[in-house]
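Below is one structure, written out as C-alpha cells; the observations come after it.
The values are calculated or read from the model by the stated rules, or taken from the named source; none is laboratory data. Treat the numbers as computed from the prediction; the structure is a model and nothing was measured. Here the Cβ positions follow ideal geometry from the backbone for every residue, glycine too, while neighbour counts run over all protein chains shown. Protein only, heavy atoms only, side chains kept; ligands, DNA and RNA dropped before computing areas. Shrake-Rupley method; radii C 1.70, N 1.55, O 1.52, S 1.80 Å.
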Amino acid sequence: MQDDSDKTAGLSLQRVGLTYPGHGGVHALDEISFDVPEGDFVAVVGPSGCGKSSLMKLVSGLLPPTTGEVRNRGALVAGPADTVGMGFQNPSLLPWRSAIDNVLLPLEVVKRYRSELRTKAGKAKHRARAMHLLETVGLQDAAELTPAQLSGGMRQRVSLCRALIHEPSVLILDEPFGALDAFTREDLWGVLYRLWREAQFTCVLVTHDLREASLLASKVVVLSNRPANIMSIETPPMGHPRNADMLYQPEMVAFVRGLRDQIGRAMARGPAAEASA
C-alpha cells in the first residue's frame, strides 16, 4: 500500500497471522501484509466475522500475532503503547465524570503525562487542549455535562476526543459509528475527517459501512472470509479534501458497488471455501 515515496511507514504488517489458542482454536488471520504511510487513513472492510477486529487488536498491541510481525514507526509492536489511541462502537465513558474529565482520563494513565497533571500549570495546559478538541467536534458548550446528559452522537464525539488527547501517532477505530442513526453517523464522518486533517495522525478504521470507508480512507483493505487474507487494496476515485456529497457522484457509487461485490462473492463462498481456495 505504501506507494508514496515521500512518506515514511507509520504502520507495517508483514505476513501477520493469528490463531486463537485452545482445542480447535480459530484461525482468524492468514498472512496479512500491508503498509500504512505515516499520516495516512486506511479502512479495513470484509465479511462479518472475518477477523477485522482481531486485526485491530494486533495493530494496537492488545494481542501478539501467531506469525509475522507488526511495526509502528519501525519499532516492533510487542504490547499496548501510549503512542496509540483507540475508539470503539461503545464509547464507554465514566458516568460520574463530565465530558471534559472523560477526555482527560487517558492522561491519568499514560505515564509521561501523570506528573504534569499534578501541577497547576500542567493541568491547565491539558485542560485547554481537551477544550480545544471538544470545540473541534462542536461540544464546547457540553464540556461539563455528564454522559447521561449527552446524546449517543455526542458521547461518541467525546470518545474521539479522549482517544486523541495524548496526541497519538496512530488512531485505531473499531466500528465507532455503527450504533448511531444514519444522519448522526454521516455528521461524525465529517468530524473524524476534520480531526484527521488537522492532527495528521495515522488512522486505521474497521467498518462494515462501505460508504464510510470510501469517503474517509485513502486506501481500503478488503479482507476475505475467515481465515482472512487480503482480497484487494482499493483506492477511492476522489482525492482530498472530501465531503459527503461526493458519495453521490457516479465514480464513488461505482467504487462502493465494487467493494460490495467483492465482499458478496467472499460471503457466497463461505469460510471453508475461502480457506481451501
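Below, the figures for the structure above:
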quantity	calculated
Trypsin sites (Lys or Arg not before Pro) within segment 31-125: DSSP coil, no more than 11 neighbouring Cβ in 10 Å	Arg118
Filtered GluC sites (Glu not before Pro), segment 77-144: DSSP coil and at most 14 other beta carbons within 10 Å	Glu144
Share of carbon and sulfur in the accessible heavy-atom surface of segment 1-113 [1.4 Å probe, %]	54 percent
Whole-number percent relative contact order across the chain, with pairs defined as alpha carbons under 8 Å at least 6 apart	24 percent
Alpha-carbon spread of segment 114-212, three principal axes, descending order, Å	45, 31, 19
For the chain, convex hull volume per residue from C-alpha positions, Å³	143 Å³
Paramagnetic reach from Gln149 (point 7 Å along Cα→Cβ, amide N under 19 Å) across segment 88-107	92-105
Residues of the chain: accessible area per residue with a 1.4 Å probe, Å²	47 Å²
Exposure of Trp189 as accessible area (Å², to 10), given a probe of 1.4 Å and all protein chains	0 Å²
Amide hydrogen neighbours beyond the local backbone of Gly10, cut-off 5 Å, H modeled	Val36, Glu38
Solvent-accessible area, 1.4 Å probe, carbon plus sulfur percent, for segment 134-277	51 percent
Asp82 versus Arg114: modelled label distance in nm, points set 7 Å from Cα along the beta carbon direction	0.9 nm
